[in-house]
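Everything below concerns the one structure shown next.
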Amino acid sequence: MSDPVQSTMQDAPLLISAILKHGATVYADSRVLTFDGEGVQEGTYGEVAERAARLANGLASLGVEPGDRVGTFLWNTQEHLEAYLAVPAMGAVLHTLNLRLFPEQLAYVIDHAQDKVVIVDGTVLPLLARVADQIPTVEHYVLIGDADTSVLGDVPVTRYEELLAGASADIEWPDVDERSAAAMCYTSGTTGNPKGVVYSHRSTYVHSLAEATGNAFGLSETDRILAVVPMFHANAWGLPYAGWFAGCDFLMPGRFLQAEPLARMIETWKPTIAGAVPTIWNDLLHHVDQNPTDLSSLRVVPCGGAAVPLSLMQAFEERHGIRIVQAWGMTETSPLAAVAHPPKSAGPDEQWRWRAKTGRVSGGVELRIVGDDGSVLPWDGQAVGEIQVRGPWITGSYHLDPDPEKFMDGWLRTGDVATVEPNGFIQITDRSKDVIKSGGEWISSVELENALMGHPSVFEAAVVAVPDERWDERPLACVVLRPDAQATPDELCDYLSDKVARWWLPERWTFIESVPKTSVGKFDKKVLRKQYADDELEVVQR
Ligand code: ADP
């Protein structure tokens, strides 16, 4: 045997301060635009980086030390990006707070993470004030904009701009351990309390590189990112760090997340990439169909967080020339784990078959599907099992909550049920808590919804399991019709009959005004199930 060889490579730590410095120097002229309802506020990367240095020094003057948690209760804005960069780079831990949490959950996550300082936007300060007396770890608030701060009690409040003005722009970013905590995000806790996922510098760094590759979104300096997905929802899918590393311009929508201002932003400031959950794109499609808008600057629209209906992708492509690319991930996976670009072997008539799938597993993520009996199933496009993943940007536990049920031999159990093709394309049929088991066989609520949403009269559709004497469970179709459109259950069943198995066709139908949404804009099926159980829905039987 020959002598062992040592690697000659340097062992440089993978730090968020390195991401910050790279963008600040190499792409100093790239821009961050924040929409204010009329126009945009602008800053260059050079300016943003200088303000991040001031923010770090300012937070240190308030007593923030390495490892301390700094909460952000903010929209997507330049200041939020400054906090994204400054807080981890100074060795503290960024904790993005979901603006739409119920008060008890908001108090729970601030207290559980032990946030020491919270940076809050004046427009949402009243929401934070509701829990101010339940978050004793918070020693200081930093206020962006204007608001009556007396509602926050006796805790001192400093204005963001004053904090920055009074702080030095000189900083030596510390050399922290690349495996130390950089940022944290709680899952939205559909059942029980939210769970904290803590990202490291290293996980964020490698995730950022992966997201910029051509098999993901191919980010470069020529891109401009419209991050509609909130920066508190799984790090805005990693776009802030990946985009900054690649020198992309940012277009921050602030609190203007409705279809009309989004359309105006796209037409005027011409982003090349825009990420949001399907419900946002569905609203936007309806708006631009009625109000023609030039969306042609968009080269790719990453969409995920929930199944993306094929009809939505096709409508955008055919009517507006916009390419939606479906992606899959979760808070626990940083979040990017799969992206549905069609394989090179796919001919012109096979494009949609692949693009309709959930995604193709990303390099850096190991994925398997596991059956009910714990056996690992083949990637044959047929076997259905729970997706399990592992890798350098996948969580291995939850903050102060080992939750062994969510892990199996070092793999994260995602709770998503899927098939996998031999080439790594996954197709999620359901979340395990949403599956419909009828007479011992599974009905995919996702497939039924996607098929229904292809009907021209249907604006939105959610399908949930309801108890059934004969079959144990049957699907209940909850349908939102387009304004002025008509459709009966029989017509909708006719439409579905060549798209899904006959025995899947729902007997129970309800026509509702809108599908209830979770705090990150997904269909909230547990609310629908409860409304049905409480007899609050007007159900038509076929
Ligand atoms: P929450 O658990 O609060 O919804 P996450 O955003 O972390 O917050 O949710 C991750 C889940 O979203 C995944 O486990 C999966 O069920 C669902 N999801 C994400 N992307 C897709 C997709 N493209 N198709 C179907 N489901 C998806």
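The values are calculated or read from the model by the stated rules, or taken from the named source; none is laboratory data. As the structure is a prediction and not an experimental result, all values here were calculated from the model. Neighbour counts are summed over all protein chains in view; Cβ atoms, including those assigned to glycine, are modelled from backbone coordinates with ideal geometry. Side chains are part of the model used for accessible areas, which takes the heavy atoms of the whole protein and leaves out ligands, DNA and RNA. Shrake-Rupley method; radii C 1.70, N 1.55, O 1.52, S 1.80 Å.
Give the residue from I324, W354, V176 lying farthest towards the positive end of the charge dipole for the chain; charges sit on Cβ (+1 for Lys and Arg, -1 for Asp and Glu) and the dipole is referred to the Cα centre.
W354
Once the whole set of protein chains is in place, how much accessible area is left on I428, using a 1.4 Å probe, in Å² to the nearest 10?
It works out to around 20 Å².
Alpha carbon centre of segment 146-207 versus segment 224-262: separation in Å?
18 Å
With every protein chain present, what is the per residue accessible area of segment 1-129 (1.4 Å probe, Å²)? Numbers along the way, then the final one.
Details: 5220 Å² over 129 residues.
On a per-residue basis, 40 Å².
Can you list which of the GluC sites (Glu not before Pro) found in segment 476-539 are DSSP loop residues with at most 14 other C-beta atoms within 10 Å? Intermediate values should be presented prior to the final figure.
Details: sites: E491, E507, E513, E536, E538; in loops: E507, E513, E536, E538.
Answer by residue number: E513, E536, E538.
Along the Cα-to-C-beta direction of T222, a point sits 7 Å from the Cα; which residues of segment 263-301 have their amide N less than 18 Å from that point?
Label zone hits: 270-274, 296-301.
Amide H of T96: which non-local residues (sequence gap of 5 or more, or other chain) have their own amide H closer than 5 Å, using H built in the peptide plane?
Placed amide hydrogens put T72, M184 under 5 Å from T96.
For the chain, what is one quarter of the convex hull surface built on the Cα atoms, given in nm²? Intermediate values should be presented prior to the final figure.
On the way: hull surface 112.0 nm².
Mean orientational projected area (the chain, Cα hull): 28.0 nm².
Rounded to the nearest whole Å², what accessible area per residue is found for segment 160-317 with the 1.4 Å probe? Don't jump to the answer; show the numbers that get you there.
Working: 5400 Å² over 158 residues.
Accessible area per residue: 34 Å².
I'd like the orientation of helix 16-26 relative to the chain: the angle between its Cα long axis and the longest Cα principal axis, in ° from 0 to 90, rounded to 10.
80 degrees
Full-extension gain between R542 and E350, please, as 0.36 nm times their residue separation minus the C-alpha to C-alpha distance. Intermediate results must be reported in sequence, preceding the final value.
Details: separation 192, 0.36 × 192 = 69.12 nm, distance 3.56 nm.
Value of the extension gain: 65.6 nm.
Using alpha carbons only, how many angstrom separate the centre of segment 415-448 from the centre of segment 335-380?
The distance from the Cα centre of segment 415-448 to that of segment 335-380 comes to 13 Å.
Name the residues of segment 191-211 whose amide N is less than 19 Å from a point 7 angstrom out from the Cα of D111 along the C-beta direction?
Label zone hits: 191-197.
Hey, any idea what % of the chain's accessible area is carbon plus sulfur with a 1.4 Å probe?
Numbers: 11070 of 22850 Å².
Of all accessible area on the chain, carbon and sulfur atoms account for 48 percent.
Could you tell me how many degrees, from 0 to 90 and to the nearest 10, lie between the Cα long axis of helix 201-212 and the main elongation axis, the longest principal axis, of the Cα atoms of the chain?
With both axes taken from Cα atoms, the answer is about 60 degrees.
Rank H95, H399 by accessible area, highest first, at a 1.4 Å probe radius?
H399, H95
Given the rule -39500 (n - 2.57) for each run of at least 4 DSSP H residues, summed and divided by the residues of the chain, what is its mean residue ellipticity at 222 nm, to the nearest 500 deg cm²/dmol? Please report the intermediate quantities before stating the final value.
On the way: 15 runs with 147 residues, N = 542.
Using -39500 (n - 2.57) per qualifying helix, the result is -8000 deg cm²/dmol.
Considering the convex hull of the alpha carbon atoms of segment 403-487, report its projected area averaged over all viewing directions, in nm², one decimal. Intermediate values should be presented prior to the final figure.
Details: hull surface 34.2 nm².
Approximately 8.6 nm², given one-decimal rounding.
Which entries of K499/K526; K437/K525; K437/K530; K433/K530; K357/K433 have Cα-Cα distances beyond 22 Å here? Each step should come with its number before you reach the end.
Details: K499/K526 26 Å; K437/K525 16 Å; K437/K530 18 Å; K433/K530 14 Å; K357/K433 20 Å.
Cα-Cα > 22 Å for K499/K526; rest within.
Order the following by accessible area, largest value first: H287, H207. Probe radius 1.4 Å; ligands, DNA and RNA are ignored. Could the numbers behind the result be given before it?
Details: H287 40, H207 5 Å².
The ordering from most to least exposed comes out as H287, H207.
Could you please put W354, W269 in sequence from largest to smallest accessible area, using a 1.4 Å probe?
Values: W354 20, W269 50 Å².
Putting W354, W269 in descending order of accessible area: W269, W354.
Could you pull out which residues in segment 381-412 have an amide N less than 19 Å from a spot 7 Å beyond the Cα of E441, following the Cα-Cβ vector?
Once the point is set 7 Å along Cα→Cβ of E441, 382-385 turn out to lie under 19 Å by backbone N, inside segment 381-412.
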